[in-house]
Each structure stands twice: as C-alpha cells, then as structure tokens.
Amino acid sequence: MKSVARDNSTRSASAWHRPTRPDGVQPDPRLAENDRKMRLILQEQQASRLRSSAFKTLKLRNPTWDMLVALLAAKRNGTQLSMSDLCLMCDAPESTALRLIHQLREKGYAEMVPDRSDRRRTRVSLTSMAEAQFEAYIDKADPA
C-alpha cells in the first residue's frame, strides 16, 4: 500500500507551485494568455449583440467599436475581413459603415489592401498600433 505521507523528494521551490500534466509536458503560458484574450474579445462581440437584441427599439451599438473588435478577432484568427463584411458586422447603414472604415484608416487603426483573388474586393485589417492599444485595453479590463 502506498503511503499518503508528504513527498519529501528534492524539488525546487518553484516546482511545487507549477502544475504538471500527467505526461510531464508543461503547457506554454503564452497560449493560455492568448486564449484568455481571445475569449475576452469574443465576449465583447457577444455583449454588443446581446445589448442590441435586448433593446430592439434603441440603437445601443457603436459601429466603430464593433468594427475594431471584429478586426481584432480576425487578426487573432489570422484572417482579414472585406469591407462588406465589416459593413454587415457593424449594423449600420452601408454609407455610414464605409465612412467609418475610412476614418479608421485615416487615424491609423485600419489598413486597406486590395484582394489578390478579386480586384473588386478590398480587405481591411487592424494595424499594429491599434493592436497594441487593444492589448493595453484588455490588460486593464481583465488583469490576469
């Protein structure tokens, strides 16, 4: 029968606090942090949709914020959104949405690139400056 006495084998102090998997492989802490941030981004998108559906007679969505969050989620997923995708996602009239996309580009938050496979389409992505500001925002909103 195995003793339930405390294991007194020699281990470093930090090893006592580090959880181990049964296979002995340590998880990469950066992956856990990226998962946490992606979960927060998706929660932000869902919260915006939930507010809109709960208060149908009021316009509680902020189209610019919705675009920024959608662009961040796309960047984290390794994709780019088309201008028409962004127009649909922000729940604003197309002319307003297009104007807001151009404002994001002018202020350095978004960049527009012609689609390689379809010249009629323009892809929009978040700039590194905007991504850095989101990182700071997420860290303040939900410190780990």
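The values are calculated or read from the model by the stated rules, or taken from the named source; none is laboratory data. Everything numeric here is computed off the predicted structure, so don't read it as measured data. Neighbour counts run over all protein chains shown; Cβ positions are idealised from the backbone, glycine included.
Summary table below
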{"read-out": "Contacts under 8 angstrom Cβ, first residue in the range 95-109 being at positive phi, partner surrounded by 13 or more Cβ atoms within 10 Å (Cβ to Cβ) and hydrophobic (A, V, I, L, M, F, W, C), 6 or more apart", "value": "Gly108/Ala130"}
{"read-out": "Subset of the range 106-122 (residues that are surrounded by 14 or more Cβ atoms within 10 Å (Cβ to Cβ) and closer than 27 Å to Ala47 by Cβ)", "value": "Tyr109, Ala110, Glu111"}
{"read-out": "Residues of the range 37-63 satisfying the condition of being at pLDDT 75 or above and part of a loop (DSSP other than H, G, I, E, B)", "value": "Asn62"}
{"read-out": "Criterion (among the small types (Gly, Ala, Ser), modelled with pLDDT of 90 or more and farther than 28 Å from Arg36 by Cα) met by exactly one of Ser117, Ser82, Ser128, Ser95", "value": "Ser95"}
{"read-out": "Enumeration of residues in the range 66-94 that are exposed (fewer than 13 other Cβ atoms within 10 Å of the Cβ) and assigned to a helix (DSSP H, G or I)", "value": "Asn77, Glu94"}
{"read-out": "Within the range 95-144, considering residues that are of a type in the set (S, T, N, Q) and not in a helix (DSSP H, G or I), the one farthest from the chain's Cα centre (by Cα)", "value": "Ser117"}
